[in-house]
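Here the structure comes first, spelled out in C-alpha cells, and everything after it is commentary.
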Amino acid sequence: MTHDSQTPRVLIVEDEPMLAYALEELVIEAGFQIAGVAGKLDAAIEIIDRGVCDAAILDANLKGVSAGPAAEALKARGVPFIILSGYSQDQRHMDFAGAIHLQKPCRPERLIEARRSILLVP
Amino acid sequence: MKPKRLTKAAIFLENQDLRARLDDVEEMLRAIGRGEADALVIENGAGPKVYTIEGDEAEANRFRSDMLAMVSDAIVAVDDNERIIYVNAAAERLYGFPASSALGRKLAEIRTSHWPSPEAREAAVAMFRDRGEWHGDHVHILNDGRIIDIESSSTKLRNGYGGLGGRLSVMRDVSARKKHETQVAISETRYRRLFESAHDGILILNPGTRKIVDANPFMTQMLGYSHAELVGRELFEIGLLKDESASQEMFQKLRATRAVRYDNLPLETRAGQHQDVEVVANLYDESGDPVIQCNIRDITERRRAEEHVKLLMAEVNHRAKNLLAVVQAFAHQTAKYGDPANFTEQLSDRIDGLAAGQDLLVRNHWMGVDVADLVEVQLAHFKDLIGTRVLIDGPPALTLNMAAAQGIGMALHELATNAAKYGALSNRVGRVHIAWRVTDAPKPTFSMSWQESGGPVVAPPTRKGFGQIVIGRMAEASVEGRAEMAFRPSGLSWDLSASVENTLVSTGSRVQMRTGNDAR
Amino acid sequence: MSIVPAFKLRLYIAGHTAKSVAAFANLHRICETHLAGQYTIEVIDLREPPQLAVGDQILAVPTLVRCLSEPIKKIIGDLSNEARVLVGLDIKPSTQATA
C-alpha cells in the first residue's frame, strides 16, 4: 500500500471478511488508497478518530451492532460515506440519513460510481 | 168416573208403589225441613227440571262454584279432617285425579307436601291458625312421583260447605317458572364466572349516558382502577379514548352499525403506563334495554410477537443479501484470479462449499456448527478416503460461531480443492492430516491445522491466487486470528489459531440473533 | 276379573252446590269408614242432562240412591247425620257388611 497524499483514503467497515476483501480490491482497483479495514464498531471508530480517512464504506450492521455511531463520527468530521446494507430502505436506521445507501448485493460499478460522487473525483 | 177393577195382587203392588212415593216425598220434606236439600226436581212434560230452593244465596254459591271450576289455578277445599270436599277442574288436572275419586279422600292420599324445613312448615301452620290464611311456596310430591313447585294461598273456611270448618287452597304450579328461574340463575352464574375470569377486559356501558355500568376484574387489573372507580366513568376518563369527541364518535358509530372495532388503541393506565389494546364494542338489546359490551384485549404481547417476527424476517433478509453479496464477490474474484476457461466450474464449486456451510448453520438453527461436521461436509468429495488418506483428529463437541464457520469452511473448501488439483490428494498415495484443538496457555486458543504429505513435490506458487486469499487473510479476518501457510517440498501445511472467544460458541448457548437498533 | 261391589250407590247432585259437595264428602267418609272396598259411588249431576233423574224418580238434590243391594233405598239431604245414613242404607256400623 503506497501512501500518496494526493490519493483519497477510504475506510472499509464490513464484518463479512469476504466482502471486506472484495470491497478493498474494488477500492484499490478504482485508484484509491485504503485507510483501513474494520470488522467491528470500536475498530472503525478508532480509525475514524485518527483522522486518516477521506471517505468510508459502512456496513449498516456489524454482527448485530448498528454502525450508527461510526456514521455519527464520520458526520462529525465531515467525512462522506456510503452505507451498504442487506436491509431494505424501511428497515434502515435514522443515523444513516443523508448518506448514500446501496443495497447488498450491489454491482461494483455502482459502488465505484457512488464513491466517486462522494469524493467529487471524476 | 167408574173405578177401574183391579186384581188383589195389582192393588197390592200399586199400594206399595204409592207407599214408596209417599216415603220419598216425606223424606224430601224432612230434608228440606233440615235444610239439607239444594233443589227440587219437578217432572213436567219436557222431563225433569231442577229448581233451586235456597234462593239467592244458593245461586250465588253456584255461581261461585262455577267460577272456581273455571279458574286456571287449582282449588281444593278440605274439611277439618283434611278430607277433600271440593276440587275444581284445574286441581283435577294438577293432581291427575278425577273429582269423583278425589272427593272424600284425605289430602295426604293424593299428594305429599314437602317443606324446605320443619320450621317452615310450623311457621305456615301457625300463621294459618292465627291469621286464618297463609301464602307461600312449597313442593308437592304426587303419587305418580312427579314433583311440582307450588305457590299456594290458603284461607280458613269458616261457615261454608254445610257448616264444616276447613280450608280452601288456591294452588298454582310454578314448576316451569322455578325451572326457568333456576336456568336463568345457572346461566347467570356461568356468564358471571366467564366475566370474572376472562383474560380480556370487559366493560358494560350504558349507551344513553355513555358511562360504565360494570367492569370485570381483568379490566380493573389492566387499568389499575378499582371497580368502584370505573363504574360511572366515561371511556375517555379512563384513558381508553382520547377525549369526549372520540367517545361520542364511537357511540354514534355503534348506534349506526351496532359494532365497532379498534385494532390498536393506546390505553393509559392509572399509573400512566401505555398499553396497546384492541377494542371490540357491540351494542346489544338486553330485554329491551340497549347495553354496550366492550371487550378490551391487551395486545402488547401480540405486538411484541409481531415485532419479533418482523425482526426475524429482516434478519433473514439481511443474511440472504449478505450471502448474495459474498457470492457476487466470489464471482468477481474467481473471474479476476482464476483460469477463464474454468470460471464456471470454479465458481460453482465455491458456491457449493458456501451452500454446504449454510446448510449446516440452518440445520443447527443458526446456533453455530460443530467443527467435525464442518470438516466432514467440506471434504464430502473425499468421503471414501476419510480414515485412510484423510485423517481427522480433534475433540468432539466444539461449536464454531457463524463467522468462524463461514471463514474456516471456505478455507477448508479451498484447501481440499487445491489438494485434489495439485497436492496430496492429486495422486494415489498422498495424505492429509486435519487436526484441531483447544489450548489454555497463555490464553484459551483454538487452533486448526491442515498437513499434506506424500503428494507431488510442492513449489511455492508464483502468483497469489484467490484460494490463497481465502485460506489466508479471509480466514484470519473471520476469527480475528492468524493463519500461516508453508509450501514445504513434502507438502503444504496450514495453521490457523485464534482466541476461543472469537471462534467457539460455549456449548448450549444460543447464537445471539441480531436484535440491533439498525433493524428497527 | 272385577268383583261386583256389594254396595252400588248413586249420588244425585245439581252442580257444585254446597249441599251437594257436603253430601259427597259425607258419603265418601261414611263409606270409607264402614264399607271400605265394597262400594262404588256414581255421581250424577242433574243439570246435565236432567233426564237421568227419571229412572230413579228424584224429587230433590242431593239424593243418595242405593241401587244395590235390593231393595232400592233413597236418602235425601247432605248426609251429615251419619247414623241416619247408616240406618237408611242398612249398614251395621259395628261389623263389616257382607255381600
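Here, each number is a calculation from the coordinates, and none is a lab measurement. Remember, predicted model here, so these are calculated numbers, not experimental data. So basically every Cβ, Gly included, is an ideal-geometry build from the backbone, and we count neighbours across all protein chains shown.
Some notes on this structure:
- Neighbouring partner chain Cβ atoms per residue of B:312-325, average, 10 Å criterion: 5
- Less than 5 angstrom separates the built amide H of B:R431 from those of B:S453, B:G454, B:G455, all sequence-distant by 5 or more or on a different chain.
- Shielding by partners for peptide C:57-70, expressed as the average number of C-beta atoms from other protein chains within 10 Å of each residue's C-beta, is 5.
- Separation of alpha-carbon centers, the stretch B:265-291 and the stretch A:1-74, rounded to whole Å: 54
- Beta bridges per DSSP, both residues in the protein assembly as shown: antiparallel share near 80 percent.
- Chain B: calculated mean residue ellipticity at 222 nm from DSSP helix runs of at least 4, using -39500 (n - 2.57): -13500 deg cm²/dmol
- Once C-alpha pairs closer than 8 Å and six or more residues apart are averaged by separation and normalised to the residue number of chain B, the relative contact order reads 7 percent.
- Karplus-derived 3J(HN,Hα) values for the stretch A:55-68, using 6.51 cos²θ - 1.76 cosθ + 1.60 with θ = phi - 60°, are 7, 8, 10, 10, 7, 5, 10, 10, 6, x, 10, 5, 7, x Hz; glycine and proline are entered as x.
- Per residue of peptide B:81-91, the mean number of Cβ atoms on other chains within 10 Å of the residue Cβ is 3.
- Förster radius 41 Å - calculated FRET efficiency between B:A123 and B:I186, Cβ distance, rounded to 0.05: 0.90
- Cβ-derived FRET efficiency at R0 60 Å, B:R463 paired with B:R255, nearest 0.05: 0.10
- Using a simple spin-label model with pseudo-atoms 7 Å out from Cα toward Cβ, C:A83 and B:A10 lie 4.5 nm apart.
- Close amide H partners of B:R105, meaning residues 5 or more places away or on another chain with modelled amide H under 5 Å apart, are B:I84.
- Legend: calculated FRET efficiency, A:E29 to B:L312, from the Cβ-Cβ distance at R0 = 51 Å, rounded to 0.05, equals 0.85.
- Sorting the segments B:180-190, B:32-42 by their mean number of nearby beta carbons within 10 angstrom, highest to lowest, gives B:32-42, B:180-190.
- With contacts taken as Cα pairs under 8 Å and at least 6 residues apart, the stretch B:300-418 reaches a relative contact order of 25 percent.
- Chain B - share of DSSP beta bridges that are antiparallel (%, nearest 5): 95
- Global geometry of the stretch B:380-427, whether rounded, prolate or oblate, following the gyration tensor of its Cα atoms and the 1.5 cut on a/c: oblate
- For the stretch C:7-98: relative contact order, % (alpha-carbon pairs under 8 angstrom, 6 or more apart): 39
- Backbone amide hydrogens, once placed in the peptide plane, bring B:L400 within less than 5 Å of B:V369, B:D370, B:V371, B:V505, excluding anything fewer than 5 places away on its chain.
- When each of the peptides B:341-354, B:423-436 is scored by how many other beta carbons lie within 10 Å of its residues on average, the order from highest to lowest is B:423-436, B:341-354.
- Mean Cβ neighbour count within 10 Å, used as a protection proxy, ranking C:63-70, A:21-28 highest first: A:21-28, C:63-70
- Applied to the stretch A:35-51, the Karplus parametrisation 6.51 cos²θ - 1.76 cosθ + 1.60 on θ = phi - 60° returns per-residue 3J(HN,Hα) values of 7, x, 10, 10, x, 10, 4, 5, 5, 5, 5, 4, 5, 4, 5, 6, x Hz, with x for Gly and Pro.
- Converting phi to 3J(HN,Hα) with the Karplus coefficients 6.51, -1.76 and 1.60 and the offset θ = phi - 60°, the stretch B:249-258 yields 4, 4, 5, 5, 4, 4, 5, 6, 10, 6 Hz in sequence order, with x at every glycine or proline.
- Of all DSSP beta bridges in the stretch C:7-98, antiparallel share, percent nearest 5: 55
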